[in-house]
Every structure is written in structure tokens, then in C-alpha cells.
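Trainee: Starting off with a structure, shown below.
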Protein chains: 2
Amino acid sequence: MKDTFNIIILLLGTIFTTCQVAFAQTSDGHKAVLVIHGGAGSITHENLSDDRQQAYAEAMEEALLVGYEIIAGGGASLDAVVAAVMVMEDSPLFNSARGAVLTSTGTVELDASIMDGATLDAGAAAAIKHVRNPISLARAVMEQSDHVLLMGDGAEAFAEEVGLEMVTNEYFRTERRVRQYESYKEQQNEGAEETGDAGVFGEPDYYGTVGAAALDSEGNLAAATSTGGTSFKRWGRVGDSPIIGAGTYADNATCAISATGTGEYFIRGVLAYRISALMQYAGLSLREAASSVVHGTLTELGGDGGVIGLDANGNVTMTFNTEGMFRGYVDGAGNTYVAMFNR
Amino acid sequence: MKDTFNIIILLLGTIFTTCQVAFAQTSDGHKAVLVIHGGAGSITHENLSDDRQQAYAEAMEEALLVGYEIIAGGGASLDAVVAAVMVMEDSPLFNSARGAVLTSTGTVELDASIMDGATLDAGAAAAIKHVRNPISLARAVMEQSDHVLLMGDGAEAFAEEVGLEMVTNEYFRTERRVRQYESYKEQQNEGAEETGDAGVFGEPDYYGTVGAAALDSEGNLAAATSTGGTSFKRWGRVGDSPIIGAGTYADNATCAISATGTGEYFIRGVLAYRISALMQYAGLSLREAASSVVHGTLTELGGDGGVIGLDANGNVTMTFNTEGMFRGYVDGAGNTYVAMFNR
């Protein structure tokens, strides 16, 4: 009974907060200390059962509250984005760490990046197979190496040196992703065309990546992004998530941004940093810059996806050109808002 | 006798063209169809014998003329930058492909990227060990895959699928680099501190990377970059060279840029694309934008290096904050200019 009641409250909350962004794919005019996303794509009422809607809403609420507690306690935006991203990495719902999509060979390969808006320090890791929380490795690269981007076996050797928690690749592989993979292999054996979309294998087309941007009481911005990349990816493909400027950017002078979508277009357009550049050099607001990049540059290039971001005044943007984006933010009073559909 | 005469002419040419940029680290006001670099760093008269000065000047002349022939024949800027970079990749003088520096384990790992200013298409490859010309792989990624960045074994499997020339890792390892590596290992065994600088091992500190930017008769800009990364690099470190926006950028609306230097700073500042953004959004000229990025952002972050670039009108920049940069350009009449020192 209590469970049913909770479900109703959650669904009402989801419907309510979804309505708040019903008339624009850009959700602005709100103030926040932390904003998150859990991927963009064909996220529609038809594609997502009520149970799964509730599960996503709950997971995003948890990520927001974990990050909020840090900010509210006077903690750093860097700590908040890492904590929020780790909640989503540990959740099997999102395409990052546990629950990530599988590559063409059935393994999990993870990418992540982080940036500190106060110093422009940054760290990233690509093609990670055994670090439980890739975002913690990105942070360690930033803070404990002279480098920004480490990849593959070398990155994992570094992770072990600095004492991060290592897991088997099997830890990341959920039953749902294994079923998707088996379906992919069957269709491949039947001669079906290859595709990077999970959509044809019983899931909505969905660019799963998780990310967060935060603003702390010191006025410092930070952004973080973590992903499993595209389903059944081949050839050591790396998307925008570990690329500073493409998938992640933060600069106290402008904004903190995390992106999700068809990563190749975010790389070519340098879209996360482009939002910062439009604010810094063209005088646009965060809202204007994010809209220009998502509905302008990204759409013109032919790419799909979205961004979440915060400026130094706590103005929030959650902008996408897809049917939906898992997204949410929390304000300075601890009020949370989560949404997933376009309308 | 003829050889001695040629050497004198070449040295005079080098001195003459060096003098042209004696009063500024930014060489502007010239028109070019192709501009190249071969790395920046402590490149001084004291650090470089006359013989080696001549060898670098000859190699750069060759790269410029190979690229010039393509542009002069009505060919594409993309073809010109690839051809010019391949000359330097094949030369043992530069830190790219043959002659690249060795990693901490004594192998060669190569990165490259390319971008087409007409379409914003881009391709890149990282941690390559067996593709003779990494820039040709970057181009194949751009033109023959749906991706922008491939890395490691997967990238090499793709290279084989598309029929690129494969070589043993030994092909890249020159006697000079093996000597450097042996000296590094000896010092390591003697407990010397680790360093990424080749300088302490009998070579000037020098961020070796090669790159080119070109403008063709159709008005299309293109940029390309190729590197062996930092000497004795560990942990799968990747620098800015395969990162679109950091080490390479091209957009017909603004400029084509290739960078060289301490890659981590170019990634954090998104420096190649930042030049484009300053032109597009702040209305700066190529010269002003390159100067702002190299003498402003890069220097303020604490990084060393330089950039070469062209705008859509053929204005050239070769800007660096180090003691020298191997650099040169060729104008529409086939006149070449090469230089390496600051003064």
C-alpha cells in the first residue's frame, strides 16, 4: 500500500516536473546548485514503462540529493559532480559503469572526464574495463598525474597505482545488456545491417551518458561526464565524453557543461566549450548559448543529443533536440525537479 | 663542390627567413597556401648543429613543395595537408611516425588528427603502433567510418580493413631514439627523477609534433597534426594531437590550425578551436586570435608551444612562446620560407 502510494506520488511528481518544460526543450529561468542528465534520445511515454519511469526518476532524485548534501554542507562543486555521477554509474539503469552497453565483442569499455572551472584543470580516461567508477579515475588523472587524458591498459595501471577500486569487466555487464547483445549477434548472424542503435534490439534509441554540473558556495563551477559509449561499438571508437571541450567543459568565467548524444558531432563542433565561447566572446547568456549550440550547430551538423549546464549565477539549462532527455536539477533550498520527456 | 654550394644557399636561406620573424614570435602579414610546423621548444643555435639545421630546413622545404604542387595543380587542401604531413612522418628528424620518441616501455605510440574546414568533418587516431602513416589513418577514419576518434588495437584493425600500409613497430624506432631511451633507462636505474623531457637525454627540450594547414583554390581550409607524443610517456597518455579542438581545427568560416607543445594545456584551453571562436565570436583577426591564445591563454595556464594557421584569405600565422619552432610556409607563387629560431 505504501509502495503504491509512493509510486503515485513519484509519477505525479514526474508528470508535474515534466509539464514545467512542456513548452520548450530548453528549461531555463530556474536557479540551481546541481544539474544532471542521464542520456538523451527517443525517450517517450510509449518507449518507457511506468515502472521504468519511476526507477529513472528515483535514481535521478538520489543523484541530485547526494550532490546537494555536499554543496549545502559547504563542499566543493567537484565533489558534488563526482558524487552525483557515481550514483548514476553504480545504477544499472544508465549507460555508464554498471549497466553500460556492450561493445561488438561483448565487453564493456568506459569513458569519463571532469573539469574544474576554478583552475581549468581537467582529467579524463578512455577505454576503461576494470575501474568501478570511471569518473573517480578521471578525477585522479586530473589531481594525481601531470596528464589530462589516459587510455586503456595504461590508464588502468595508473588507477591501480593510485588505489582506485578495481572490478572484473563482468561487474558492469547486466542481464539486460547481455540480452541486447545476444539479440544483436543473432541479427548479425542473420545478415542484418550493423547499427550503433540499441533501438532495434528492444530498447528505445538512446544516447546513454550521465553527467553533472555544479556550483558551490565559493562560486566554483565543475562538470563531469561518464559513459559506456555506443552499443556494439567497434574499432576502439571513442566518443565525446572523455574529450574536454566536446563532452565536458567548465570555466568559472562562463559555465559548466556536460553533453550527451551522438558524440562524433559534439567532437566536430567542440560543443561543450562552444557554449562557453559564445558566452565569453559573443556575450550570450547560458540559455542563448546552449540553444544556439543544440538547436543551431548540433542540429545543422545532423547530430542528436543535449546538454545540461549551469552558469556562475546558478542559472540552469537542460537543452536537447531529441524526443527526451533524462534530466534534473536541485536548487539551493534542496528542491529537486526531474523530467525525461519532451512533453 | 655543388653540395657545399647548396649547403651555403640553404643556410643563407635559413638565416634570411629567420630574420624575417626576428622581431616577433608571430609571423604575419604574409599570404600562404600551405603552412607547416615540425614542433616547438628549446630550438636554439646552441642546441642545433649546422648540419641538423640544414637537414630540418631541407625536410620542411620538401614538405612545403609537395603540398604546394597539389594546391597549385588545383588539388584539395585536405590532400595537401596529408601529403605535407606524410613527408615529415616519413622523415626521421621529427617526432612523428618514423623517428618518433619512445614510450616508457621503449615502444612507439602515435596519434594524429585531420579536419576538413568545408564540412567540419574530422578524423583522428590514438595509440597507433603499426600504421606507417597515422595521418592517413586519421583521414580514413574521417572518410570511411562513422566515427571521429578510434584508438589502439581497434583503430589498427580498422586500418587493416581499409588497406592502409602496416609496418612493424621497429620501423618507427630510429637509432637516435633508442639511444635516448637507453640513456633514460640508465638514469632511471640510477634513481634520477622521471621526466617527460627529452632534453636531459642529449636533445634540446622539444615538443615534437608535425602539422600543416592549407587553403586550396576552392577556398577550402584543412588542418592536420601527427605526433609521437611525449618522450617516455606512461599510462597510455594521450596529448592534444588527436583531439579535435585542442591540437587541430579547421572551419572555412574562420581558419585552419595545427598546434604543438605541452598537449595537456592545449586540451584544457581547447586552444586550436579557441582561435576559431575568437575570430568567429569576438571578431579578431587570425593574427590577433593566435596571439591571444598563445601569449595569453596558453602562457597564463603555464604551457609551452605554438600554433600555425591560415585564414580563408591566406593570411598566415606561426606563433609560439618557446625559444623556437620548426616552421615554414609557401605562397601561391611557390615561394617557400622556413625558420626554426626565435631570433
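The values are calculated or read from the model by the stated rules, or taken from the named source; none is laboratory data. All values reported here derive from a predicted model rather than from experimental measurement. Cβ atoms come from the backbone with ideal geometry, glycine included; neighbour counts cover every protein chain shown. We work out accessible area using only protein heavy atoms, side chains counted, and drop any ligands, DNA or RNA first. Shrake-Rupley method; radii C 1.70, N 1.55, O 1.52, S 1.80 Å.
Trainee: Quick check on my filter: what residues within region A:72-101 are surrounded by fewer than 24 Cβ atoms within 10 Å (Cβ to Cβ), touching a helix residue (DSSP H, G or I) at 6+ places or on another chain (Cβ under 6 Å) and over 13 Å from A:Ser226 (Cα atoms)?
Mentor: Correct list: A:Asp79, A:Leu93.
Trainee: Among (1) in contact with a strand residue (DSSP E or B) (Cβ under 9 Å, 6 or more places away or on another chain); (2) open to solvent by 50 Å² or more (accessible area, probe 1.4 Å); (3) not basic (Lys, Arg); (4) not in a helix (DSSP H, G or I), which single condition is B:Thr119 missing?
Mentor: All conditions pass for B:Thr119, except number (1).
Trainee: Can you find a residue in region A:192-212 that is farther than 14 Å from A:Val101 by Cα, at pLDDT below 90 and within 14 Å of another protein chain (Cβ to nearest Cβ)?
Mentor: Within region A:192-212, one or more residues are farther than 14 Å from A:Val101 by Cα, at pLDDT below 90 and within 14 Å of another protein chain (Cβ to nearest Cβ).
Trainee: Checking B:Met142 against (1) in contact with a helix residue (DSSP H, G or I) (Cβ under 8 Å, 6 or more places away or on another chain); (2) of a type in the set (A, V, I, L, M, F, W, C); (3) facing chain A (nearest Cβ under 10 Å), which single condition isn't satisfied?
Mentor: With respect to (1) in contact with a helix residue (DSSP H, G or I) (Cβ under 8 Å, 6 or more places away or on another chain); (2) of a type in the set (A, V, I, L, M, F, W, C); (3) facing chain A (nearest Cβ under 10 Å), B:Met142 is out only on (1).
Trainee: Quick check on my filter: what residues within region B:124-173 are in a helix (DSSP H, G or I) and in contact (Cβ under 8 Å) with a residue 60 or more places away in the chain?
Mentor: Answer for region B:124-173, where residues must be in a helix (DSSP H, G or I) and in contact (Cβ under 8 Å) with a residue 60 or more places away in the chain: B:Pro134, B:Ile135, B:Ala138, B:Arg139, B:Asn169, B:Tyr171, B:Phe172.
Trainee: Where residues in region A:147-164 are in contact with a helix residue (DSSP H, G or I) (Cβ under 8 Å, 6 or more places away or on another chain) and more than 7 Å from chain B (Cβ to nearest Cβ), which of them is surrounded by the fewest Cβ atoms within 10 Å (Cβ to Cβ)?
Mentor: Result: A:Val162.
Trainee: Only residues that are closer than 16 Å to B:Val238 by Cβ, open to solvent by 10 Å² or more (accessible area, probe 1.4 Å) and in contact with a Ser or Thr (Cβ under 9 Å, 6 or more places away or on another chain): list them for region B:105-116, please.
Mentor: Listed by number, the list holds a single entry, B:Glu109.
Trainee: Does B:Gly228 satisfy being buried (at least 24 other Cβ atoms within 10 Å of the Cβ), away from chain A (no Cβ under 11 Å) and in contact with a strand residue (DSSP E or B) (Cβ under 7 Å, 6 or more places away or on another chain)?
Mentor: Against the criterion (buried (at least 24 other Cβ atoms within 10 Å of the Cβ), away from chain A (no Cβ under 11 Å) and in contact with a strand residue (DSSP E or B) (Cβ under 7 Å, 6 or more places away or on another chain)), B:Gly228 qualifies.
Trainee: How about region B:287-302: which of its residues are surrounded by fewer than 22 Cβ atoms within 10 Å (Cβ to Cβ) and within 11 Å of chain A (Cβ to nearest Cβ)?
Mentor: Once the filter is applied, which keeps residues that are surrounded by fewer than 22 Cβ atoms within 10 Å (Cβ to Cβ) and within 11 Å of chain A (Cβ to nearest Cβ), region B:287-302 yields B:Ser292, B:Thr297, B:Glu300, B:Leu301, B:Gly302.
Trainee: If I filter region B:127-137 for residues that are more than 20 Å from the chain's Cα centre (by Cα), within 21 Å of B:Asp79 (Cα to Cα) and either open to solvent by 40 Å² or more (accessible area, probe 1.4 Å) or facing chain A (nearest Cβ under 8 Å) (or both), do I get at least one hit?
Mentor: No.
Trainee: So which residues in region B:267-286 are within 7 Å of chain A (Cβ to nearest Cβ) and surrounded by fewer than 20 Cβ atoms within 10 Å (Cβ to Cβ)?
Mentor: Those that are within 7 Å of chain A (Cβ to nearest Cβ) and surrounded by fewer than 20 Cβ atoms within 10 Å (Cβ to Cβ): B:Tyr281, B:Ala282.
Trainee: Still on this model: Among the residues that make up region A:105-120, is at least one of them more than 9 Å from chain B (Cβ to nearest Cβ), more than 27 Å from A:Ile70 (Cα to Cα) and among the polar types (S, T, N, Q)?
Mentor: Scanning region A:105-120, I find at least one residue that is more than 9 Å from chain B (Cβ to nearest Cβ), more than 27 Å from A:Ile70 (Cα to Cα) and among the polar types (S, T, N, Q), so the answer is yes.
Trainee: Determine whether region B:233-242 contains at least one residue that is charged (D, E, K, R), surrounded by fewer than 24 Cβ atoms within 10 Å (Cβ to Cβ) and more than 10 Å from chain A (Cβ to nearest Cβ).
Mentor: no
Trainee: Report, ordered by the first and then the second residue, all pairs with beta carbons closer than 8 Å, sequence separation of six or more or different chains, a first member in region A:46-72 that is among the acidic types (Asp, Glu), and a second member that is assigned to a helix (DSSP H, G or I).
Mentor: A:Asp50/A:Ile7; A:Asp50/A:Leu11; A:Glu58/A:Leu10; A:Glu62/A:Val87
Trainee: Has region A:30-38 got at least one residue that is open to solvent by 50 Å² or more (accessible area, probe 1.4 Å), part of a loop (DSSP other than H, G, I, E, B), under 24 Å from A:Asp216 (Cα atoms) and touching a residue at least 24 places away in the same chain (Cβ under 8 Å)?
Mentor: Within region A:30-38, one or more residues are open to solvent by 50 Å² or more (accessible area, probe 1.4 Å), part of a loop (DSSP other than H, G, I, E, B), under 24 Å from A:Asp216 (Cα atoms) and touching a residue at least 24 places away in the same chain (Cβ under 8 Å).
Trainee: Would a scan of region A:274-282 turn up a residue that is within 30 Å of B:Ala155 (Cβ to Cβ) and in contact (Cβ under 8 Å) with a residue 60 or more places away in the chain?
Mentor: Within region A:274-282, not a single residue is within 30 Å of B:Ala155 (Cβ to Cβ) and in contact (Cβ under 8 Å) with a residue 60 or more places away in the chain.
Trainee: Let me ask you something else. Take A:Thr297 and tell me if it is touching a residue at least 40 places away in the same chain (Cβ under 8 Å) and of a type in the set (S, T, N, Q).
Mentor: no
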